Amino acid sequence: MVGTVRGMTTQLTGKASFTSWDEEPGFDSGAPVPRLARATVEFRYEGELVGTSTCHLAMHYAAEHEGTAVGYERLEVRTGDGEEGTIVLRSACQFDGEGVDTTWTVVPGSGTGALAGFEGSGGYHAPPQSTSWTWRLDREG
């Protein structure tokens, strides 16, 4: 472990994977691009934070498999020290044939338990068709 969530930790890392994806088109399933959609996505986290999350995304498809998304993700996790906490991440994503690039910022004041007062940013790159990928969350301050 790089360190604990409280204190001088500068970076937390681990692996993440999708556990479910429920996407609804904003118009209809046959809508041409560009189009809007919304998705509820659940993830599993392993590493220095262990737990699950639910993310709500608003998506814009510029082409059939290319676009952007924004949303909020609530993580319910345990730290390497066994302490529990929650945190909300604001997500900005870009996706195409090369995968998904997501950047996060912690929503100020959203942390509870072991993550109370946590501020930071991070993200991940998920290659196409991947079942898991490396995530990073950098503590600020």
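Where a number appears in this text, it was derived from the coordinates with a stated rule and is not lab data. Treat the numbers as computed from the prediction; the structure is a model and nothing was measured. Every residue, glycine among them, receives a Cβ derived from its backbone with ideal geometry; neighbour counts consider all protein chains shown.
Computed values, structure above
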quantity	calculated
Theoretical gain in end-to-end length, ARG44 to GLN94 [0.36 nm per residue, Cα-Cα removed]	16.0 nm
Directionally averaged shadow of the range 23-141, computed from the convex hull of its alpha-carbon atoms, nm²	7.4
Net +/- balance of residues flanking TRP21 in space, Cβ distance below 15 Å, scoring K and R +1, D and E -1	-3
Dimensions in Å of the range 95-141 - Rg and Dmax from alpha carbons	13.2, 39
Gaussian network model of the chain, springs between alpha carbon atoms under 10 Å - residue of GLU48, GLU73, GLU23 with greatest fluctuation	GLU23
SER132-ASP81 pseudo-label distance in nm [points 7 Å out on the Cα-to-Cβ vector]	2.6
Linear extension gain, VAL33 paired with THR103, 0.36 nm per residue minus alpha-carbon span	22.8 nm
Sparsely packed GluC sites (Glu not before Pro) within the range 83-141, loop by DSSP, other Cβ within 10 Å at most 10	GLU140
